[in-house]
Amino acid sequence: MPRNNWSSPLTTECPGSYCGGVRPEVPVPAGMNTGVKDTHFELNGSPFLFNGFNSYWLMHVAAEPTERYKVTEVLKDASAAGLSVCRTWAFSDGGDRALRISPGVYDERVFQGLDFVISEAKKYGVRLILSFVNQWNDFGGKAQYVQWARNAGAYISNDDDFYTHPLLKKYYKNHIEKVITRLNSITRVAYKDDPTIMAWELMNEPRDQADYSGKTVNAWVQEMASFVKSLDNKHLLEVGMEGFYGDSIPERKSVNPGYQVGTDYISNHLINEIDFATIHAYTDQWLSGQSDDAQFAWMERWITNHWQDARTILKKPLVLAEFGKSSRGQGSRDTFMSNVYRNVYNLAKEGGTMAGSLVWQLMAHGMENYDDGYCIVLGQNPSTTQIISDQAHVMASLAQSFNQPH
């Protein structure tokens with residue numbers, strides 16, 4: 001996720017009828033889980049490619065029933081535009097509208113907000129990727145876990161003890177179990193049995209400043225991935241990684257934007273229980289000050305290198321799970337997005353390993369306080385909406401073409 005503050009309200013209004021959505025509800029059919037075959041996704045036995053989006057705020061907003069219309073608006077409009085996958089948080093640790101107030105103590109009202117998100121996603125045919133915890137302090141993150149453990153008398157030296165300290169690992173596993181085994185109060189379907197959920201994510205953007213090699217995070221991923229699969233082997237699982245290379249293939253480190261973050265794209269994704277690879281990309285932050293052309297050239301290299309490794313080394317699908325361009329920065333967001341989408345599509349044509357992308361981020365009308373500069377309201381910016389929708393349709397058509405006899 002982009003690392004800047006929320007400010008600068010949007011002022012433009014929705015210009016046309018798009019905001020209400022035009023496509024009828026397309027519910028997720030029962031029993032149709034997303035799977036992986038060879039190096040591509042399948043849905044009900046057919047190749048599955050997608051265009052999708054991030055809306056991290058869905059549960060937080062839905063915790064207040066009078067605001068749930070915003071969740072409905074985004075899912076309805078996204079579905080109308082052909083978007084079929086949404087990534088969002090299944091965590092909120094401490095703080096305002098916390099899902100988990102403290103270890104073992106959950107706010108049922110907030111959990112019902114997540115129930116609503118899943119039930120609305122099902123109604124509009126959108127599949128969800130649900131993340132269990134944050135690297136960053138937003139909505140609690142590792143720092144909140146550390147605070148809880150210290151309050152309980154544990155000695156914790158720093159936030160990166162999250163990956164190794166038994167009490168912190170216990171808190172984390174308890175949360176995973178609480179979420180996976182939750183019985184949805186609206187649909188009466190347990191989360192672990194709900195095909196609306198496409199995948200679980202271990203952590204949003206794990207990083208480890210205590211061990212840049214990626215080995216500590218690797219041991220944690222192995223332990224936690226095995227734990228998730230012991231509770232739920234019906235759903236896919238991914239790490240939540242940004243894609244930084246580590247020590248396992250030293251020459252690949254030159255692809256990084258000049259630094260390591262304690263993860264290893266190769267070794268972390270080679271773990272058997274991890275079903276697909278992810279990368280994130282924020283060239284306007286990682287390559288700040290460089291020209292638009294230089295940023296896109298780097299972006300193309302970043303995506304292509306990870307795709308090659310997903311195809312040949314990992315042999316798993318790849319998702320560009322976060323990317324975006326701030327509307328407050330230099331250059332055109334529409335041009336940037338079109339270039340990224342073209343790159344994703346051209347790689348997807350080579351057998352479907354490059355499975356799709358999730359733009360950061362969609363919001364509803366009236367959410368100006370949440371705008372981090374990357375906010376897109378479908379229908380409010382017609383050109384951007386068209387670019388996003390066009391990508392959704394060409395990816396869906398490409399998936400269908402894979403199914404045709406050649």
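In contact with a helix residue (DSSP H, G or I) (Cβ under 9 Å, 6 or more places away or on another chain), free of Cβ contacts under 8 Å to residues at least 60 places away in the same chain and surrounded by 22 or more Cβ atoms within 10 Å (Cβ to Cβ): which single residue out of K142, K173 fits that description? Selected residue: K142, the only one of K142, K173 that is in contact with a helix residue (DSSP H, G or I) (Cβ under 9 Å, 6 or more places away or on another chain), free of Cβ contacts under 8 Å to residues at least 60 places away in the same chain and surrounded by 22 or more Cβ atoms within 10 Å (Cβ to Cβ). For region 385-404, enumerate the residues that are over 15 Å from M337 (Cα atoms), among the small types (G, A, S) and either under 22 Å from the mean Cα position of the chain (by Cα) or open to solvent by less than 60 Å² (accessible area, probe 1.4 Å) (or both). Within region 385-404, A396, A399, S401 meet the criteria. All of N272, N305 fail the test of being surrounded by fewer than 22 Cβ atoms within 10 Å (Cβ to Cβ), at pLDDT 95 or above and in a loop (DSSP other than H, G, I, E, B), apart from N272. Screening D96 on (1) modelled with pLDDT of 95 or more; (2) of a type outside the set (V, I, T); (3) open to solvent by 30 Å² or more (accessible area, probe 1.4 Å) shows it passes everything except condition (1).
Going by the conditions given, is Y124 without any contact (Cβ under 8 Å) to a residue 60 or more places away in the chain and either more than 18 Å from A199 (Cβ to Cβ) or in contact with a helix residue (DSSP H, G or I) (Cβ under 7 Å, 6 or more places away or on another chain) (or both)? No. May I ask you to list the residues in region 46-71 that are open to solvent by 30 Å² or more (accessible area, probe 1.4 Å) and at pLDDT 95 or above? Hits for region 46-71 are E64, P65, T66, E67, R68, Y69. Residues considered: F162, F116, F111. Of these, the only one that is part of a helix (DSSP H, G or I) and buried (at least 24 other Cβ atoms within 10 Å of the Cβ) is F162. Of the residues making up region 282-297, those that are open to solvent by 20 Å² or more (accessible area, probe 1.4 Å) and either hydrophobic (A, V, I, L, M, F, W, C) or closer than 27 Å to K37 by Cβ (or both) are W286, A294, F296, A297. Conditions: (1) in contact (Cβ under 8 Å) with a residue 60 or more places away in the chain; (2) assigned to a loop (DSSP other than H, G, I, E, B); (3) touching a Leu at 6+ places or on another chain (Cβ under 7 Å). A199 meets all but one. Number of the miss? Failing condition for A199: (2).
As a summary of the residue check, Y172 satisfies the conditions (1) within 22 Å of G94 (Cβ to Cβ); (2) more than 21 Å from the chain's Cα centre (by Cα) except for the one numbered (2). The set of residues in region 308-345 being of a type in the set (D, E) and open to solvent by 10 Å² or more (accessible area, probe 1.4 Å) consists of D334 alone.
Considering every residue within region 331-339, establish whether at least one is under 30 Å from M59 (Cα atoms) and in contact (Cβ under 8 Å) with a residue 60 or more places away in the chain. Within region 331-339, not a single residue is under 30 Å from M59 (Cα atoms) and in contact (Cβ under 8 Å) with a residue 60 or more places away in the chain. Of all the criteria given as (1) part of a helix (DSSP H, G or I); (2) buried (at least 17 other Cβ atoms within 10 Å of the Cβ), the one not satisfied by I156 is (1). Take I186 and tell me if it is aliphatic (A, V, I, L, M), surrounded by fewer than 17 Cβ atoms within 10 Å (Cβ to Cβ), outside any strand (DSSP E or B) and more than 18 Å from the chain's Cα centre (by Cα). In short, yes. Summed over region 189-207, the residues that are acidic (D, E), out of contact with any Ser or Thr (no Cβ under 8 Å at 6 or more places or on another chain) and open to solvent by less than 10 Å² (accessible area, probe 1.4 Å) give a count of 1.
Residues considered: S84, S92. Of these, the only one that is in contact with a Phe, Trp or Tyr (Cβ under 9 Å, 6 or more places away or on another chain), closer than 20 Å to D390 by Cβ and polar (S, T, N, Q) is S84. Inspect all residues belonging to region 128-140 and state whether any of them is over 17 Å from E201 (Cβ atoms) and either β-branched (V, I, T) or in a helix (DSSP H, G or I) (or both). No - not one qualifying residue is present in region 128-140.
Among residues of region 222-266 being assigned to a helix (DSSP H, G or I) and open to solvent by less than 30 Å² (accessible area, probe 1.4 Å), the one that is nearest to K169 (Cα to Cα) is M224.
The values are calculated or read from the model by the stated rules, or taken from the named source; none is laboratory data. Quick caveat: nothing in here was measured; it's all calculated off a predicted structure. Note: ideal-geometry Cβ built from the backbone for every residue, glycine included; neighbour counts use all protein chains shown. In case anyone asks, the SASA skips ligands and DNA or RNA and just uses the protein heavy atoms, side chains included. Shrake-Rupley method; radii C 1.70, N 1.55, O 1.52, S 1.80 Å.
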